[in-house]
Amino acid sequence: MKKSSLSLVLVFCALIISASPVRQTASPARQTDSPARQTDSPARQADSPVRETDNNVPWKSFIGHPGVDSILNTMTIREMIAQLIWVPAWADEKGGNYRQVELLVEKYGIGGVIFFEGTREMQVDYTKRLRSISRIPLIIAQDAEWGTGMRLREVDAFPCQLTLGALQNDSLIYKMGAAVASQCREAGINLNLAPVADVNNNPMNPVINYRSFGEDPEKVAEKATMYMKGLQDNGIMACAKHFPGHGDTDTDSHTGLPVISGDRDRFDRIELLPFRRLTDEGIGAVMTAHISVPGLDAGALPATFSKKVVTGLLRQESRFRGLILTDAMNMDGATMTFPSGIADAEALLAGNDIIEYPTDPVLAIEEIARRVGKGEIAVSEITDRCRRLLEAKLWLESYTTANGGRAESGDQSIPGEASAAAAGSATPGSIPSSGHPALIRDLYAGAMTLLENNDNLLPLGRLDRIRIATVSVNRLAMTEFQRMTDRYTNADHYFIDPANEQGARFVMSKLMDYDVVIAGFCALDQKPAGLYGVTPALNNVFRQIASLDRAAVIWFGNPYGVSRLDLTKKPTAMLVAYQDNSYTHQVAVQVLFGAIGASGRLPVTVNENYPAGTGIKTPGNIRMQFGFPENAGLSSERLTGKVDSIVNAGLDTLAFPGCQVLIARRGIVVLNKCYGFHLYDSTEAVTENDLWDLASVTKVSAATPSLMLLDDRGSFDIDKTLGNYLPWFRFSDKGDMVMREMLAHQAGLKSWIPFWRNTLENDSTFRRGIFSDYTNRKYALQVTDSMYMNRHYLKDMFREIRDSPMGEKKYVYSDLTFILASEIIESLTDSTIDKFAPANIYNPIGAFNITYRPLEKYPAERVVPTEYDSLFRKQLIRGTVHDEGAAMLGGVSGHAGLFATGNDLLKLVEMYRRGGEYGGVRVLSSDVVRKYTAVQFPDNDNRRGLGFDKPLLRNDTLPPDEAYPCPSASPASFGHSGFTGTFIWCDPDEEISYVFLSNRVYPTRNNSRLSDLSIRGKILQAVYDARID
């Protein structure tokens, strides 16, 4: 580094350390030989009084700091001019334009760089190298209107401003500003060229449009202010653009000179209102626009070159004391007016502080210096601008230093190099990058705008009473909104290419057979040049879908596009999602199913039927939402990494070949992750559509909820005896067993009976007449796909239960109660448990993928294998129940036999957590849920509820490695485990629902590593440990 560069960096470091809010009149910097010229200020208009007070700027405490003048006094006029020139940069795989920018920084001392397309890693490296050679810390700017993902690849992109315009909770926009600030720091950016403060009141605007918050000036002002504060409260300067307002035009200033009509009164009411609010609130910078505004300046010059607009209106009348930037000077709106160099000098004369993206930076410096030398531009104008810029830079560098960065010679700190922890502790509003997806999801969710909801179609009601189809328009492969639909219900999926008229007709003929059709219009165009993606062919498809009896249309595009649709017949429901990405696809479907309520309102007028402000509200939290840990008050960094580590330890030690983990909190599924494979040596990866053998989780998923429902109906009483419900037990030693004691595992029953062993002869062959390798009326109970049991042998099995020896009335876990429970349910309902539970519990809540005997509905590949049974069935068990007793009962029992997908099993757990209600359906009363999930006999050292498992008594006093299911589980929590490696748990106090599914019994049940490593409990504890609120 050069000696002069080092000295200035050291001066900046000293200023940062000693910075204090001293305010005084600065002495002029070293001048050239040219005389200074006092510039005349334009007279303000009589009907527009000067505002009474100066605006705040974020570097207010640094204004007038004497140290700034000490730097100015070391600089030549050319060096000060160079500070006011900012040039473009690209950090792409080809190396971008580093050499050119390096020369401009090192030789000329330009003051800033504006990054365009590239990657974050390359931009960070590029920025570090530039800062290492710069005499004065650089402004590193970027158009990050919807975050750095607007320019950088592989970075989270936030919603566009038009989408944010639909939000009714503007505090989310502040959070977005804080999150974008975090992104900027990580990429080395200290100035975000955002927010767009233009009021978009022209649907054909080709350049602002979806970049604007909308057409209401007050709302644009409020939202832009929230965005600005989120940025600047977290150390990133914001820049409002494009002054004095670029919204009402159909010309792009990149390719022409737009003319904004209207008189001064109209500008005051509309275009200028957001800018004035932002300058009043202390925004650091304002960008001027290459637009003609005859209502403000009768001359033909674009606003960029108009002293009336820049100096008179913005600097003097609005008393703005921040930085004024030009828009890119390579745009046609500027180059059509003046040639290179002259344009830059004229922009400076008009009152701009910063010349952004000059077509020839060196020529710009030369031309401005020439005019200073001739006295056409006063020296004071250059020094004042440079002083303002240095004060701003001092603020930016001081923020970085205060948040853990360093400002040392040779290693100037880049905003964002400080650790996330340091930034978080210094700035409460900052959001770590791991939390960005959750915020993005909330922003999109809040924007969803429902335009039509005839017959109150949304949210969709009883899913077991309607047939649903989805159709993706403009996509020919499964879309995210269709995959999300599958998480709520069983739907058939179709695809339409509007250009294929014959294919479209065929699909439409199929859709006529469904009760509800969900149609997603994808791959649209955000811009008017492409007619917002509404072609005649697409309009034809829309007309046909709208004509269906009950169609819900999701418009994944610009709301202006709706105005081009044929709305002669409106669809039953119509939801505007604004953008087409995985976030909008997911949250839009969640609105349809009542997981998220629709709350957005149109930020712009679509047509006379849908003016700005239109939006129908619907309730939410009716069904599970899908989101990210931070959406539910959990930390992604703590949760996902810990769960991955725990599961991978299980995989590495061969505790199981594969598993699925589902975690929900506050009704939001925050983790649904599959690991491993069906078998150790297979290529069948675990997927979320797989069905798992639940083993004893069946007890609390089928038998117990069925009895709870019958209890609600008054048909079942836990304080009556077994003999009361099963007369053939009445005169046995079990007839007087009380159901409460049986369900709490302390009635004295044996733990289990190996029924299959009693079918063997002494030579280990099966006794004759019990099993057959074919089925008929006699051998009707399927044990495997090639083994059937004599239905009359069931009497022998129940006789074994009846005649089994009784023990003490103490806690002994027993399958027998729940084998008998299915008989009780059948006696009370005239329906077997495999029919009663789906009809009354699973189907009403949309849990269609919980079932007995899965091979009757699903292909074998969807069912995860369990054990290779070498003793009884002599085959790999896949698609039939693992438990031998349940297999002999035909695969249907109250103690085992149930199969489920993780997603649908979680719905059942959520129904319990919500006190017996889910999907708008009251399945169980809250009273019966509380009764069955409460500890029944604590005085007998029995932790159990009725059917449900509970934490160990005095669990919070036990050493962590002895606690069950984990140290932090509340006394109100409950759940159950399954022999095959399954587990569910529900904690109403902490609003946690948890499902763990594995096949730890493959290839043999003699594998206790799952329990030895406490994997299921450790994952549950990780949820508690991840709580942040």
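Just one of the numbered conditions (1) in contact with a Pro (Cβ under 9 Å, 6 or more places away or on another chain); (2) closer than 21 Å to residue 325 by Cβ; (3) surrounded by fewer than 24 Cβ atoms within 10 Å (Cβ to Cβ) is not true of residue 225: (3).
For the range 298-317, name all the residues that are part of a loop (DSSP other than H, G, I, E, B) and surrounded by fewer than 22 Cβ atoms within 10 Å (Cβ to Cβ). Step through it out loud before you land on a result.
Within the range 298-317, the subset part of a loop (DSSP other than H, G, I, E, B) is 298-301, 306.
Result: 298, 299, 300, 301.
Determine if the range 175-193 includes at least one residue that is in contact with a Gly (Cβ under 6 Å, 6 or more places away or on another chain), modelled with pLDDT of 95 or more, in the same structural domain as residue 131 (by TED's automatic domain parsing) and more than 19 Å from residue 284 (Cβ to Cβ). Checked against the condition, which is being in contact with a Gly (Cβ under 6 Å, 6 or more places away or on another chain), modelled with pLDDT of 95 or more, in the same structural domain as residue 131 (by TED's automatic domain parsing) and more than 19 Å from residue 284 (Cβ to Cβ), the range 175-193 yields no hits at all. Picking from residues in the range 97-123 that are buried (at least 18 other Cβ atoms within 10 Å of the Cβ), hydrophobic (A, V, I, L, M, F, W, C) and assigned to a helix (DSSP H, G or I), the one that is modelled with the lowest pLDDT is 122. So which residues in the range 335-376 are more than 22 Å from residue 254 (Cα to Cα), among the β-branched types (Val, Ile, Thr) and surrounded by fewer than 24 Cβ atoms within 10 Å (Cβ to Cβ)? 362, the sole residue that qualifies.
Within the range 318-334, if we keep just the residues that are within 23 Å of residue 140 (Cα to Cα) and in contact with an Asp or Glu (Cβ under 7 Å, 6 or more places away or on another chain), the residue that is surrounded by the fewest Cβ atoms within 10 Å (Cβ to Cβ) turns out to be 321. When the range 91-129 is filtered for residues that are of a type in the set (A, V, I, L, M) and either without any contact (Cβ under 8 Å) to a residue 40 or more places away in the chain or farther than 20 Å from residue 393 by Cβ (or both), the ones remaining, listed by number, are 91, 101, 103, 105, 113, 122.
Screening 254, 290 for residues that are in the same structural domain as residue 143 (by TED's automatic domain parsing) and crowded, with 24+ Cβ neighbours inside 10 Å leaves exactly one candidate, 290.
Farther than 24 Å from residue 326 by Cβ, crowded, with 24+ Cβ neighbours inside 10 Å and touching a Pro at 6+ places or on another chain (Cβ under 6 Å): which single residue out of 235, 214, 230 fits that description? Step through it out loud before you land on a result.
Details: 235 fails: touching a Pro at 6+ places or on another chain (Cβ under 6 Å); 230 fails: touching a Pro at 6+ places or on another chain (Cβ under 6 Å).
One residue alone meets the criteria, 214.
Kindly establish whether residue 326 is without any contact (Cβ under 8 Å) to a residue 40 or more places away in the chain, in contact with a His (Cβ under 9 Å, 6 or more places away or on another chain) and closer than 26 Å to residue 282 by Cα. For residue 326, the condition - without any contact (Cβ under 8 Å) to a residue 40 or more places away in the chain, in contact with a His (Cβ under 9 Å, 6 or more places away or on another chain) and closer than 26 Å to residue 282 by Cα - is met. In the range 501-514, the residues that are of a type in the set (Asp, Glu) form Cβ pairs under 9 Å with partners that are surrounded by 13 or more Cβ atoms within 10 Å (Cβ to Cβ) and modelled with pLDDT of 95 or more, at six or more places apart or across chains, as follows: 501/537; 501/540; 513/467; 513/469.
State all residues of the range 560-579 that are buried (at least 19 other Cβ atoms within 10 Å of the Cβ), in contact with a strand residue (DSSP E or B) (Cβ under 9 Å, 6 or more places away or on another chain) and not small (Gly, Ala, Ser); if no residue qualifies, say none.
If we filter the range 560-579 for residues that are buried (at least 19 other Cβ atoms within 10 Å of the Cβ), which is where we start, we get 560-562, 564-565, 567, 571-579.
Still in the running and in contact with a strand residue (DSSP E or B) (Cβ under 9 Å, 6 or more places away or on another chain): 561-562, 565, 567, 571-578.
Selection gives 562, 565, 567, 571, 572, 574, 575, 576, 578.
Do we have any residue at all in the range 573-584 that's assigned to a helix (DSSP H, G or I), under 25 Å from the mean Cα position of the chain (by Cα), in the same structural domain as residue 470 (by TED's automatic domain parsing) and of a type in the set (Val, Ile, Thr)? Yes, the range 573-584 contains a residue that is assigned to a helix (DSSP H, G or I), under 25 Å from the mean Cα position of the chain (by Cα), in the same structural domain as residue 470 (by TED's automatic domain parsing) and of a type in the set (Val, Ile, Thr). Here 472, 434, 509 are screened, and the one residue that is among the hydroxyl-bearing types (Ser, Thr, Tyr), more than 30 Å from residue 170 (Cα to Cα), assigned to a helix (DSSP H, G or I) and not assigned by TED's automatic domain parsing to the domain that holds residue 150 is 509. Each residue in the range 1000-1029 was checked for being within 31 Å of the chain's Cα centre (by Cα), outside any helix (DSSP H, G or I) and buried (at least 24 other Cβ atoms within 10 Å of the Cβ), and 1 of them qualify. Exactly one residue out of 226, 204 is among the hydrophobic types (A, V, I, L, M, F, W, C) and farther than 21 Å from residue 261 by Cβ, and it is 226.
The values are calculated or read from the model by the stated rules, or taken from the named source; none is laboratory data. Note that the structure is predicted; figures quoted are calculated from it, not measured. Quick reminder, even Gly has a Cβ in these numbers, built from the backbone with ideal geometry, and neighbours come from all protein chains shown.
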